[in-house]
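Below is one structure, written out as structure tokens; comments come after it.
The values are calculated or read from the model by the stated rules, or taken from the named source; none is laboratory data. Treat the numbers as computed from the prediction; the structure is a model and nothing was measured. All Cβ positions, even for glycine, are placed from backbone atoms using ideal geometry, and neighbour counts span all protein chains on display.
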């Protein structure tokens, strides 16, 4: 119920595609036998990206590929830490 409430209360600034991505990531984070719960839904990280160290893209500082690699690595590390790995 908390997971559904969390999904319902989020404003989805990225529209339906963002909702789809959140659901897909939640499903991939859930264990095979585990029901989806709020720990699988990464909305908190999306809302507080700068606080988590996710910074915006600046083409004068790095290439888009470098930015994507850095951001993906940070998200994976934070997700693994949140899941206790």
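Things to note:
- Residues (under 20 Å from residue 28 (Cα atoms) and surrounded by 14 or more Cβ atoms within 10 Å (Cβ to Cβ)) located in the range 64-84: 71, 74, 75, 78, 79, 82
- For residue 39, the requirement of being loosely packed, with under 15 Cβ neighbours inside 10 Å and modelled with pLDDT under 65 is not met.
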